[in-house]
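Structure record follows, encoded as C-alpha cells.
The values are calculated or read from the model by the stated rules, or taken from the named source; none is laboratory data. The model shown is predicted, which means the values in this text are computed figures rather than measured ones. A quick note on method: Cβ atoms are made from the backbone with ideal geometry, for glycine too, and the neighbour counts reach across all protein chains shown.
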Amino acid sequence: MNQGVGRITVAGLTHHLAPVEIRERLAVATQDYPEMLNRLRQWPGVREGALLSTCNRSEVYALSEEGESPALPAFTEGLGHGMRHDELEGYLFHYDGERAIEHLFAVAAGIDSAIIGEPQILGQVRQAYDAARAAGSVGTVLDRLFQHALEVGKRVRAETAIGAYAVSVPYAAVELARKIFGDLEGRPALIIGTGDMGELTLKHLIERGVAPVYVAARSLERVDDLAARLGVELVARHVDEQILAEVDVVVAASAAPHALVSAAQVKAAMRRRKHKRPLFLIDIAVPRNIDPLTAEVTNVFSYNIDDLAQVVTANRERRDREVIKVRAIILEETARFLAWFNARQAVPTVVALRQRLDHVRAEEEARALAKLVHLPEKDREAVARYGQALVNRILHEPSVRLRAATSDNRYPGLDEAVGYLFGLDQASNAGSSSSPSPGDADSERQGEDNRSHGG
Amino acid sequence: MMPLGLVLYAVGVMGPEAVVPADTHFFNPLFQVHVTAFLVAYAAFGVAFCGGVMYLLLARDIRRKQLTQFFLRLPSLEALDSIGQRAVWVGFPLLIVGLATGIAWGQHGTHAWGLGQAKVLSAFVTLVIYLYYLVRRVVFRWSGRHCAIVAVIGYVLSLALLLAGSFAGRLGGHL
C-alpha cells in the first residue's frame, strides 16, 4: 500500500466462510503460540507478524514488503496444520491495507463475531497481542495496530450498546431477574426439573449470587447429580404453596407433560409471603410447567420460553442496530490509524534529506575550519554548533510539513518532489546507507525531532 | 413534578397574607421551621411519587413483555421501591413537625392556623395518607405495586387538597 513503510495484510478463515470442521483443524492452542509466531516471523517477506486464533477464527496479521503478501501463504503453509492449499479453497479470506485494519478493529469491536457484541473477543485480541509481543514478532506498526484495536474495542463498548443486551434465553432470564430484584445476592430460588436449559439458567443465577437453591426433581439422585455438576449445595423440595411463598425466583424446566405450578397455588403463596415482594416465574419447559394464568396475579412476573425468545430476538435486533454506530467508530479510528501509518511514508525522505544536508554541513564545516586554524578550540566548537543549528532550523519546517502532507495525502508525490529537488535519489545511489530500513527511520525520526526542538 | 409541588406549596403557605411583608409575625422561628419542614416533606413525597410512577411503568413493561426504553434505562423494581419507601420515611416525620410548628405558631399570633382551617385539614389528610402507606409497609410488609400506587395517588391527592385548601383560605379562611 505504501512504498517503504510496507503493507498491512490479514489472511485466514472465520465462521463466515469456514465451518467448524475446518476451523477446529486450524485452531492454534495457546501453548503453541510462541512456536507459530516464531515461524511466522521467519517467513519470507514478513517484517512483523501476529496470530489470532479463537473458536470463530484463525488469522495471520503481517506487515510485509510491497508486492505479493506473505500473509496468505504463511497461513496456509507456514502454520503446519497439515492441510493443503486446495483443501482450504473457498474458506479463506485475505484483506489488504485499509480493509485489513478495519477488519481487526471490527473483530475487536465484536461485530465480526458469530454472536454480535460478545464480550470474550476483546480478551482474546489482547492475548494474541501479548503473545506476539512476548515472541518479539510485532514491531512498531503491528504493536500500534493491536493497541489501537484494543482501544477501539473499549470505545465501542463504552459509547454504544453493542454488548448491553442479553442474546441468549438463560441470560435474558437473568437480566429480567436483575431488573426486578436488582441485586440477586442471597435471593432464594427454586428449580423444577433438572433439564439442560434449566441447569444453564440456574448456573447463571448462581453466578449472580442466588442462594439458597431448592430443587424439585423426580428423585434425590438427580438432585445430587445436579449439585455435583454445579458445585453448590441444593435442597430437595416439593412444589407447594409453602416453597413458592419462600422463594423469589422459580425456574421450571422439567419434562412433565402438564403444569406443575397452578395460578391458585401462586395466589395462595403470594398471600402467605412474609414480605410482599414480587415473584419471578421462568418457565422454559415444553409443554409448559407453569400455568399461564399466574401472570395475572399481582406482583407476579411470569415468562415462558417464547416470551424469553421474543426478548432475545428484540435484543439481537437492538444489537444489530448498534452495529451502524460501531461501524462509524471503526471508520473514524481506521482513518486515525491510517494517518499515523501514512505519515511513516515521509520518514525515509526526511531521513535522507537530513543525511544530505548533514553531509553538506560536514563538508563545509571541514573546509571552513581548515581556514580557521588560528581559532581557539572553544571557538572552533562554536562554528561547528552554528552549522548544526542552521541545518536543524532549515530542516524543521519542511520535515513537519512533509509528514503532515503525507499523513492526509494532501500533495501526492510531494516526497518524490523533495527527493528530486535535493537530489536525494542521486545520494541514495551514491551510498546504500542513505536508504534506511523503517526501524532505523523511526529512530532517526525521533533523533531528528529532538534536534529540531533543541534548535 | 417535584418543583411544581414546591411552588404550589409555597403559594399555599404564603397565600394572600404574603402581600404584607412588614408583618414581623413571619420572622418567628416557629414559622420558619414550619415552612422548611413542609417544603422538604412535600419534596420527599414528590420523590416517592416519581419512584412510584417509574415502578409502575417498568412493572407494566415487564408484565407486557415489551422491553422498551423504560426497561433499559430505569433501575430495578426493588431499587425504585426502596427509593419510594425512604422518601416517605423522610417526608412523614417532617410533615408532623411542619404541622405541629404551624399550629403552635398559629396560636401565638393573629394568623389563625388552627384545625378549622382548610389547609390545616388538607395537611392532616396528607398525614393520614402517608401513615396508611407506612402502616401497610411496616405492619403488613407490603412492597412493590401496591405501595407505588399509594405513593402516586397519595401525592396527587395531597397536592389537590393543598390547592383546594389554599383557595379556600383566600376565599374566607375557615370551612
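Filter the range B:137-159 for residues that are among the β-branched types (V, I, T) and within 12 Å of another protein chain (Cβ to nearest Cβ); which is nearest to B:C50 (Cα to Cα)?
This residue is B:I149.
What residue, of B:L80, B:L163, B:L74, B:L121, is of a type outside the set (S, T, N, Q), at pLDDT 90 or above and either closer than 18 Å to B:V47 by Cβ or in contact with a Gly (Cβ under 8 Å, 6 or more places away or on another chain) (or both)?
B:L80
Could you please let me know if A:I290 is at pLDDT 90 or above and within 21 Å of A:G198 (Cα to Cα)?
Yes, satisfied.
Can we say A:V373 is of a type in the set (V, I, T) and part of a helix (DSSP H, G or I)?
no
Need a quick list: helices (runs of 4 or more DSSP H) entirely within the range A:1-90 having at least 1 residues that are among the hydroxyl-bearing types (S, T, Y) and more than 16 Å from A:V138 (Cβ to Cβ).
Output list reads A:71-78.
Can you name the residue in the range A:254-274 that is modelled with pLDDT under 90 and assigned to a loop (DSSP other than H, G, I, E, B) and is also nearest to the chain's Cα centre (by Cα) among such residues?
Once the filter is applied, the top-ranked residue is A:S254.
Residues A:R288, A:R277: which one is within 14 Å of chain B (Cβ to nearest Cβ), under 42 Å from the mean Cα position of the chain (by Cα), in a loop (DSSP other than H, G, I, E, B) and not acidic (D, E)?
A:R277
Pairs only if they're at least six apart or on different chains, beta carbon under 8 angstrom, first in the range A:143-170 and within 14 Å of chain B (Cβ to nearest Cβ), second acidic (D, E) and part of a loop (DSSP other than H, G, I, E, B); list them, first residue then second.
Final answer for the pair search is A:G163/A:E118.
Say we look at the range A:307-331 and pick out the residues that are surrounded by 13 or more Cβ atoms within 10 Å (Cβ to Cβ) and of a type in the set (D, E); which of these is farthest from the other protein chains (Cβ to nearest Cβ)?
A:D320
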